[in-house]
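Asks: A single structure is presented below for examination.
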Amino acid sequence: MTQKTSNLRKAADAFIAATNSYDMERVLALFTQDAVIDDPSTGHRFDGHTGIRDYIEQYFIGYHTVTRFLSMESLGDNRARVRVDFTGDFGHEIGLLTMSINTEGIFVRIDANLE
């Protein structure tokens, strides 16, 4: 595993752990101030810490979502596509998270889609 791939896996694991524990401060610490989560399945794009807070509150805390890592494909340039298993009050879904981190391993963008 290359250093960039290792950093992406660490970031993915940290995101999953923080969202599974519903620890908002821990989640927000993983993102730059101007980071974006774009999730077409919700019909919305979530900008900055305010938007990310809304996203996590609505779709993770609100639905008691538990996320499990399945696999990761490196896309180069500090980007990876992470396949995850989501369960919660909505039932069960498989998700694809295209994650982009900066050189410090902090998220700048996540594009979320359902399979």
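A short reminder: the numbers here are calculations on the coordinates, not readings from a lab. Computed from a predicted structure; not experimentally measured. All Cβ positions, even for glycine, are placed from backbone atoms using ideal geometry, and neighbour counts span all protein chains on display.
Asks: Mind listing which GluC sites (Glu not before Pro) in segment 44-114 are in a DSSP loop and have 16 or fewer other Cβ atoms within 10 Å? Don't skip to the answer; put the middle values down first.
Replies: Numbers: sites: Glu57, Glu73, Glu93, Glu104; in loops: Glu104.
Here the sparse-neighbourhood loop sites are Glu104.
Asks: Rounded to the nearest 5, what % of the DSSP beta bridges within segment 3-114 are antiparallel ones?
Replies: Values: 30 of 34 bridges.
Here the share of antiparallel DSSP bridges comes out near 90 percent.
Asks: Take the alpha-carbon centre of segment 80-115, take the same for segment 1-66, and report the distance between them in whole Å.
Replies: Comparing the Cα centres of segment 80-115 and segment 1-66, I get a distance of 8 Å.
Asks: Kirkwood hydrodynamic radius of segment 3-114 from all distinct Cα pairs, in Å? Please report the intermediate quantities before stating the final value.
Replies: Details: mean 1/r = 0.0730 Å⁻¹.
Result for segment 3-114 stands at 13.7 Å.
Asks: To the nearest 10 degrees, how steep is helix 3-20 against the longest Cα principal axis of the chain, on a 0 to 90 scale?
Replies: 20 degrees
Asks: Okay, next question. Given R₀ = 35 Å, what would the calculated FRET efficiency be for Arg83 paired with Gln33, taking r from the Cβ atoms and rounding to 0.05?
Replies: Working: r = 28 Å, r/R0 = 0.80.
So, using R0 = 35 Å, E works out to roughly 0.80.
Asks: By how many nm would the segment from Arg45 to Ser74 lengthen if fully extended, with 0.36 nm per residue of separation less the alpha-carbon distance? Write out the running numbers ahead of the final one.
Replies: On the way: separation 29, 0.36 × 29 = 10.44 nm, distance 2.34 nm.
Full-extension gain reported as 8.1 nm.
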